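Colleague: Dumping the structure here so I can ask a few things about it.
The values are calculated or read from the model by the stated rules, or taken from the named source; none is laboratory data. Nothing here was measured: the structure is a model prediction, and the numbers come from that model. Here the Cβ is made from the backbone with ideal geometry for all residues, glycine too, and neighbour counts use every protein chain on show. Surface accessibility is based on the protein's heavy atoms, side chains included, excluding ligands, DNA and RNA. Shrake-Rupley method; radii C 1.70, N 1.55, O 1.52, S 1.80 Å.
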Amino acid sequence: MAQIELDGINRIFQLGDSQVHALRDVSLRIEAGEYVAVMGPSGSGKSTLLNLLGLLDRPNAGHYRLEGRDVTTLSADEQAAVRSARIGFVFQSFHLVPRLTAAENVALPLMLAGIPPHERSRRVEQALKDFGLETRAHHRPEELSGGQRQRVAIARATIMRPAMLLADEPTGNLDRATGQEVTALLEELNAGGMTLIVVTHDPTMGERARRRVLMEDGAIQHDLRRETQPA
Amino acid sequence: MSPADTLRFATRAALGYPLRSALMVLAMSIGVAAVVMLTALGDGARRYVVEEFSALGANLLIVLPGRTETGGVNPGSFVSSTPRDLTNDDAAALLRLALVRRVAPLTVGNSEISVGGRLREVLVVGTSADYLDIRGFKVAGGQFLPREDFGRATAVAVIGETIRAELFGNQNAIGRMIRLGDRRLRVIGIMGPAGRGLGMNSDELVLVPVATAQAMFNTNALFRIMVETRDREALAPAQRQVEDLLRARRDGELDFTVITQDAVLGTFDRILGALTLGVAGIAAISLAVAGILVMNVMLVAVTQRTGEIGLLKALGASARAIRLAFLAEAGLLSLAGAVAGFALGHAGAWLIRLVFPALPAWPPDWAVATALGTALVTGLLFGVMPARRAAALDPVQALMKR
Ligand SMILES: Nc1ncnc2c1ncn2[C@@H]1O[C@H](COP(=O)(O)OP(=O)(O)OP(=O)(O)O)[C@@H](O)[C@H]1O
Ligand SMILES: [Mg+2]
């Protein structure tokens, strides 16, 4: 049993009279601990696929089994519980809450999951240290650099120790050096056993992934695996 | 999400948008303050009047000419359209009733008073010796009107303290002659200060024997007859006796009205109570407007924070958690508004009392409770709708809207 099993997924957007077929018959299996780069031209359905994987969106047809459980039929709140426990998100535009400090942003998932405050602050402190943000704990997002913001976002995405980390163009808003830093951080998390699925336009980042899923017009065109693991 | 966390999150959110929150609290507090202040004013007026009448003494009957219909149609009102006047003889007859202790006939009019070159307009009250005790007035110097037949027009006057000061300065007034209208009267007494009630200030009155006043105003009619009964229990039977006697004296016709002080008080109490209620109703409209503002502000807040709601959903927040967070935010803002309004309203009432010391302008408890309750309920109610909308948002849609 693979961690992620997609079967015949279709996602159709209704735009007035016209329909946009964002995903066509997508079937995909991803094992726990894999490192997958999703690539393809703009509008090919990469984000749509990632949103479905993260239970932020529902397919019009097809089945999604996560860790053996069919999650397409779950209620909204059951899906929220799965997101909380198993899935971490990193967005291109960080999506930090502007009025909250770095520490508070990182603590959000713990708070939403009802973890008591003392354990929360212990875990947040540890996470901030792990991501080199301990001196920035009480800064608000506007006082942080892009790289720091994305590190806060990654710390937040992983604070619940999810089974999989989904990143939609995580380096898209960063300069090259900072982007590489963030990529290295994500790969480190993957090396620790977390499944990593990254949507990227950056070919060098794609090269580093052990598996590349190339999309075109809502369908998977190529599914390339590299046999040798990078050091 | 624990309740404490929900509350903390909501507080941070409310403080995170200071202008929006301040506006909402302001609207709410103005609504609450309006209710508190206006009802304080209304109820203050009611209490003022009630206290004014209470100063009259409890076992008082007032006879007025003419029939004030209170129930049923009186056959007499068809027979004679113009009521007969109340006269001094009527008053004298009343004094002979067993249950009656004191009787003061009353004739009132405006006239000019002058001493030497000084001249001023005064309110002249023609009455009798008993008036002093019935009204609970005190004489500061000299004596009050002499006890004599109601028909005797003795040429004496008792003047209020203000009049005395204006006309005589620091000279002795007792024994001096004054000119009142076309008559010359001797001042025999000065009223003591602070006799108030029924809209008359004893400091500014000139009291003369009732017959003197009648001669001055060229009338036989009385404005009123005040009757004090032996005690409070005698009030109801005495009222009947007075009615029977006066009816007998005017061929069985009931063309006069006997009211008790309680009835007058009750009427004023009702009228001014209704006024307070009406004023409260008007103020409640401003509260409702505040409630609608809260709803709009919360709707804008939800729209503004759609991205944040999407993010919270992506991070695993249940619809309930989001609903509660927004509800808590609306609740906190309404509470702040209610408390601020409460303080503002009381400050306003305090200011009214400062400017009009005679007016006991305290907001009634029911008004304060309703204002606070309405503020909280409308705030929460109007917070629920946007909160539900926020919670129902689709996570992707919400996230993509920025
Ligand atoms: N909410 C939506 N409503 C209508 N159409 C949508 C919606 N979301 C996506 N689409 C359409 O679905 C298709 C796939 O969009 P998607 O965002 O998945 O592309 P993408 O591969 O992520 O592109 P990019 O690289 O530019 O981010 C596009 O044609 C897009 O216009
Ligand atoms: Mg995309």
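Colleague: Taking the stated definitions as given, is A:Leu133 out of contact with any Asp or Glu (no Cβ under 9 Å at 6 or more places or on another chain) and at pLDDT 95 or above?
Modeller: no
Colleague: Which condition from (1) open to solvent by 30 Å² or more (accessible area, probe 1.4 Å); (2) free of Cβ contacts under 8 Å to residues at least 40 places away in the same chain is the one that A:Glu142 breaks?
Modeller: (2)
Colleague: Which condition does A:Val20 not pass, out of (1) open to solvent by 30 Å² or more (accessible area, probe 1.4 Å); (2) more than 15 Å from ligand 2 (Cβ to nearest atom); (3) not in a loop (DSSP other than H, G, I, E, B), if it passes all the others?
Modeller: Against the list (1) open to solvent by 30 Å² or more (accessible area, probe 1.4 Å); (2) more than 15 Å from ligand 2 (Cβ to nearest atom); (3) not in a loop (DSSP other than H, G, I, E, B), A:Val20 comes up short only on (2).
Colleague: Could I ask something else about it? Which count do you get for residues in region A:198-218 that are within 16 Å of ligand 2 (Cβ to nearest atom) and either aromatic (Phe, Trp, Tyr) or in contact (Cβ under 8 Å) with a residue 40 or more places away in the chain (or both)?
Modeller: Of the residues in region A:198-218, 12 are within 16 Å of ligand 2 (Cβ to nearest atom) and either aromatic (Phe, Trp, Tyr) or in contact (Cβ under 8 Å) with a residue 40 or more places away in the chain (or both).
Colleague: Output the residues belonging to region B:241-262 that are open to solvent by 50 Å² or more (accessible area, probe 1.4 Å) and within 19 Å of B:Pro65 (Cβ to Cβ).
Modeller: B:Gln241, B:Asp244, B:Arg247, B:Ala248, B:Arg249, B:Asp251
Colleague: Here's something else I'd like to know. Considering only region A:198-222, state which residues are open to solvent by 40 Å² or more (accessible area, probe 1.4 Å) and away from ligand 1 (no atom under 16 Å from the Cβ).
Modeller: Those that are open to solvent by 40 Å² or more (accessible area, probe 1.4 Å) and away from ligand 1 (no atom under 16 Å from the Cβ): A:Thr204, A:Glu207, A:Arg208, A:Arg210.
Colleague: From the set of residues in region A:156-197 that are within 16 Å of ligand 2 (Cβ to nearest atom) and among the acidic types (Asp, Glu), which is nearest to the chain's Cα centre (by Cα)?
Modeller: My answer is A:Asp168.
Colleague: Taking into account only those residues within region B:26-53 that are surrounded by 24 or more Cβ atoms within 10 Å (Cβ to Cβ) and β-branched (Val, Ile, Thr), which is farthest from the chain's Cα centre (by Cα)?
Modeller: Residue satisfying both the conditions and the ranking: B:Val32.
Colleague: Turning to a different aspect of this structure: Out of curiosity, is B:Ala104 part of a strand (DSSP E or B), at pLDDT below 90 and either in contact with a strand residue (DSSP E or B) (Cβ under 6 Å, 6 or more places away or on another chain) or among the aliphatic types (A, V, I, L, M) (or both)?
Modeller: Considered against the rule, which asks whether it is part of a strand (DSSP E or B), at pLDDT below 90 and either in contact with a strand residue (DSSP E or B) (Cβ under 6 Å, 6 or more places away or on another chain) or among the aliphatic types (A, V, I, L, M) (or both), B:Ala104 comes out as no.
Colleague: In the list B:Ala248, B:Ala263, which residue meets the criterion of being at pLDDT 85 or above and of a type outside the set (Asp, Glu)?
Modeller: Just a single option satisfies the conditions, and that option is B:Ala248.
Colleague: Applying the selection to region B:133-172, what residues are touching a residue at least 24 places away in the same chain (Cβ under 8 Å), more than 30 Å from B:Thr87 (Cβ to Cβ) and outside any strand (DSSP E or B)?
Modeller: B:Glu161, B:Thr162, B:Arg164, B:Glu166, B:Leu167, B:Phe168
Colleague: Can you pull out every residue in region B:216-240 that is among the hydroxyl-bearing types (Ser, Thr, Tyr) and open to solvent by 10 Å² or more (accessible area, probe 1.4 Å)?
Modeller: Of everything in region B:216-240, just one residue is among the hydroxyl-bearing types (Ser, Thr, Tyr) and open to solvent by 10 Å² or more (accessible area, probe 1.4 Å), namely B:Thr219.
Colleague: Here's something else I'd like to know. For region A:4-30, name all the residues that are more than 15 Å from ligand 1 (Cβ to nearest atom) and within 16 Å of A:Val198 (Cβ to Cβ).
Modeller: Selection gives A:Ile4, A:Ile30.
Colleague: Which one is nearest to the other protein chains (Cβ to nearest Cβ) among residues in region B:311-361 that are in contact with a Ser or Thr (Cβ under 6 Å, 6 or more places away or on another chain) and open to solvent by 60 Å² or more (accessible area, probe 1.4 Å)?
Modeller: By that ranking, first place goes to B:Leu324.
Colleague: Between B:Glu233, B:Glu228, which is in contact with a helix residue (DSSP H, G or I) (Cβ under 6 Å, 6 or more places away or on another chain) and not assigned by TED's automatic domain parsing to the domain that holds B:Leu38?
Modeller: B:Glu228
Colleague: How many residues does region B:173-189 contain that are open to solvent by less than 10 Å² (accessible area, probe 1.4 Å) and assigned to a strand (DSSP E or B)?
Modeller: Count: 5.
Colleague: What's the total number of residues in region A:32-46 that are near ligand 1 (Cβ under 6 Å from one of its atoms), open to solvent by 30 Å² or more (accessible area, probe 1.4 Å) and at negative phi?
Modeller: The qualifying residues number 1.
Colleague: Another question about this same structure. Being under 24 Å from A:Gly179 (Cβ atoms) and either open to solvent by 60 Å² or more (accessible area, probe 1.4 Å) or touching a residue at least 40 places away in the same chain (Cβ under 8 Å) (or both) is the filter here; which residues of region A:149-162 pass it?
Modeller: Residues satisfying the conditions are A:Arg149, A:Gln150, A:Val152, A:Ala153, A:Ile154, A:Ala155, A:Arg156, A:Ala157, A:Thr158, A:Ile159, A:Pro162.
Colleague: Looking only at region A:108-125, count how many residues are more than 7 Å from chain B (Cβ to nearest Cβ) and open to solvent by 40 Å² or more (accessible area, probe 1.4 Å).
Modeller: 7
Colleague: Separate question: Would you point out which residue out of A:Leu50, A:Leu28, A:Leu55 is under 25 Å from A:Arg226 (Cα atoms), within 12 Å of chain B (Cβ to nearest Cβ) and open to solvent by less than 20 Å² (accessible area, probe 1.4 Å)?
Modeller: Just a single option satisfies the conditions, and that option is A:Leu50.
Colleague: Also: Mind listing whichever residues of region B:362-402 are open to solvent by 40 Å² or more (accessible area, probe 1.4 Å) and within 14 Å of chain A (Cβ to nearest Cβ)?
Modeller: B:Arg388, B:Ala392, B:Leu393, B:Asp394, B:Gln397, B:Met400, B:Lys401, B:Arg402
Colleague: While we're looking at this one, here's another question. Would you confirm whether any residue within region A:174-194 is part of a strand (DSSP E or B) and under 30 Å from A:His139 (Cβ atoms)?
Modeller: No.
Colleague: Would you pick out the residues in region A:67-107 that are among the hydrophobic types (A, V, I, L, M, F, W, C) and at the interface with chain B (Cβ under 9 Å from one of its Cβ atoms)?
Modeller: A:Ala76, A:Ala80, A:Ala81, A:Val82, A:Ala85, A:Ile87, A:Phe89, A:Phe91, A:Leu96, A:Val97, A:Leu100
Colleague: Name the residues in region B:9-54 that are in a helix (DSSP H, G or I) and within 14 Å of chain A (Cβ to nearest Cβ), would you?
Modeller: B:Phe9, B:Ala10, B:Thr11, B:Arg12, B:Ala13, B:Ala14, B:Leu15, B:Gly16, B:Pro18, B:Leu19, B:Arg20, B:Ser21
Colleague: Still on this structure, please answer the following. Restricting attention to region A:23-48, which residues are assigned to a loop (DSSP other than H, G, I, E, B) and more than 9 Å from ligand 2 (Cβ to nearest atom)?
Modeller: Of everything in region A:23-48, those that are assigned to a loop (DSSP other than H, G, I, E, B) and more than 9 Å from ligand 2 (Cβ to nearest atom) turn out to be A:Glu31, A:Ala32, A:Gly33, A:Glu34, A:Gly40, A:Pro41.
Colleague: What pairs can you find where one residue is in region B:285-309 and in contact (Cβ under 8 Å) with a residue 24 or more places away in the chain, the other is open to solvent by 80 Å² or more (accessible area, probe 1.4 Å) and polar (S, T, N, Q), and their Cβ atoms are less than 9 Å apart, with a gap of 6+ or different chains?
Modeller: Once the first residue is in contact (Cβ under 8 Å) with a residue 24 or more places away in the chain and sits in region B:285-309, its partners that are open to solvent by 80 Å² or more (accessible area, probe 1.4 Å) and polar (S, T, N, Q) give B:Thr306/B:Gln397.
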